[in-house]
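Asks: Here you go, one structure.
The values are calculated or read from the model by the stated rules, or taken from the named source; none is laboratory data. Keep in mind that what you see is a predicted model, and the values were worked out from it rather than measured. Backbone-built Cβ (ideal geometry, glycine too); neighbour counts: all protein chains shown. We work out accessible area using only protein heavy atoms, side chains counted, and drop any ligands, DNA or RNA first. Shrake-Rupley method; radii C 1.70, N 1.55, O 1.52, S 1.80 Å.
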Amino acid sequence: QVQLVESGGGLVQAGGSLRLSCAASGSITSINGMGWYRQAPGKQRDLVATITTWGNANYADSAEGRFTISRDNAKKSVYLQMNSLKPEDTAVYYCHVRQGGVDYWGQGTQVTVSS
């Protein structure tokens, strides 16, 4: 089992910044990709960004140019720096990893962007 604990969400005005953090613990053997997803009320959970062990990042179009994903393999952590936030970025943000073909999710952290 892998446990994921997110932090860093909150309320911010449009144009502001937030940095999300996610730390993995438990029976970690071979995590490759780590990522962030988000789910707004009444909508499906969507990819925001992913990053491989070697630092190759992939972003959703909505995040490209504004968000930066990074990871610290030694700390088994992944981060999401979010700049130029917009009201449409309001959602619960979830950390995700896959290990041994099993998907693990954090509990989610709320990000609210006011206009």
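So that you can scan it fast, the table gives a plain yes or no per residue for (1) part of a strand (DSSP E or B); (2) open to solvent by 50 Å² or more (accessible area, probe 1.4 Å):
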{"position": "GLY15", "(1), (2)": "no, yes"}
{"position": "LEU20", "(1), (2)": "yes, no"}
{"position": "LYS43", "(1), (2)": "no, yes"}
{"position": "THR68", "(1), (2)": "yes, yes"}
{"position": "ARG71", "(1), (2)": "yes, no"}
{"position": "LEU80", "(1), (2)": "yes, no"}
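Asks: May I ask you to verify whether SER62 is polar (S, T, N, Q) and without any contact (Cβ under 8 Å) to a residue 40 or more places away in the chain?
Replies: yes
Asks: Among the residues of region 52-66, how many are surrounded by 12 or more Cβ atoms within 10 Å (Cβ to Cβ) and modelled with pLDDT under 95?
Replies: 2
Asks: Collect the residues in region 12-42 that are touching a helix residue (DSSP H, G or I) at 6+ places or on another chain (Cβ under 9 Å) and of a type in the set (D, E, K, R), keeping them in residue-number order.
Replies: ARG38
Asks: For region 25-41: of the residues being at pLDDT below 95 and not in a loop (DSSP other than H, G, I, E, B), which is nearest to LEU80 (Cα to Cα)?
Replies: Restricting to residues being at pLDDT below 95 and not in a loop (DSSP other than H, G, I, E, B), the top hit is MET34.
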